[in-house]
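The values are calculated or read from the model by the stated rules, or taken from the named source; none is laboratory data. Computed from a predicted structure; not experimentally measured. FYI the Cβ positions are ideal-geometry reconstructions off the backbone, even for glycines, and counts take in every protein chain you see. When the accessible area is computed, the model is the full protein with side chains, heavy atoms only, and any ligands, DNA or RNA have been set aside. Shrake-Rupley method; radii C 1.70, N 1.55, O 1.52, S 1.80 Å.
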Amino acid sequence: MRFAETDNSSGHLIEGYDAQSVHIDGHRYHASLILTPSQIIQPWEPARAADLTREHLDAILTLDPRIIILGTGVTQIFPDPDIYFWLLERGVGVEVMDTGAACRTYNILMSEDRRVAAGLILG
């Protein structure tokens, strides 16, 4: 899906996505990545939602977000409850959704100047 209008003046904006890639600031990414308004971190290790560990999420926590958006691929797959609660115990909000929904949600939160980080699983 391609977004009709984009304005990346507030930071890195997702311009489009499909099942295998995300288009950010004129570049297409084909592997899992972490995205914040100020950073694109790639590669990000998990190739599938089932591979997600605390260490993967710790890489996101070091960026000091207030909310983490996890895009788990073509379908919404919740991480192990221990991992989910581990994040909540750190005072960070977390939303889990399919990667397409995560892209749209990230753009909205980023445009509102929220301290958001997205972990997007592709592949």
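See the values below:
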| read-out | value |
| --- | --- |
| Whole-Hz ³J(HN,Hα) from phi, Karplus 6.51 cos²θ - 1.76 cosθ + 1.60, for the range 21-27, glycine and proline x | 7, 10, 9, 10, 6, x, 10 |
| Dipole in debye (nearest 20) - the chain, about Cα centre, beta carbon charges: Lys, Arg +1; Asp, Glu -1 | 80 debye |
| Order by protection proxy (mean Cβ within 10 Å, highest first), peptides 81-92, 59-70, 41-52 | 59-70, 41-52, 81-92 |
| Cα pair distances exceeding 21 angstrom across the range 5-123, given as percent | 28 percent |
| MRE, 222 nm, helices only [DSSP H, n ≥ 4, -39500 (n - 2.57), over the chain, to nearest 500] | -7000 deg cm²/dmol |
| Added length on full extension, which subtracts the Cα-Cα distance from 0.36 nm per residue, residue 75 to residue 41 | 10.0 nm |
| Rounded to 5, percent antiparallel among DSSP beta bridges of the chain | 55 percent |
| Surface per residue (accessible, 1.4 Å probe) for the chain, Å² | 52 Å² |
| Residues of the range 93-123 with amide N under 14 Å of the 7 Å Cα→Cβ point at residue 20 | 122-123 |
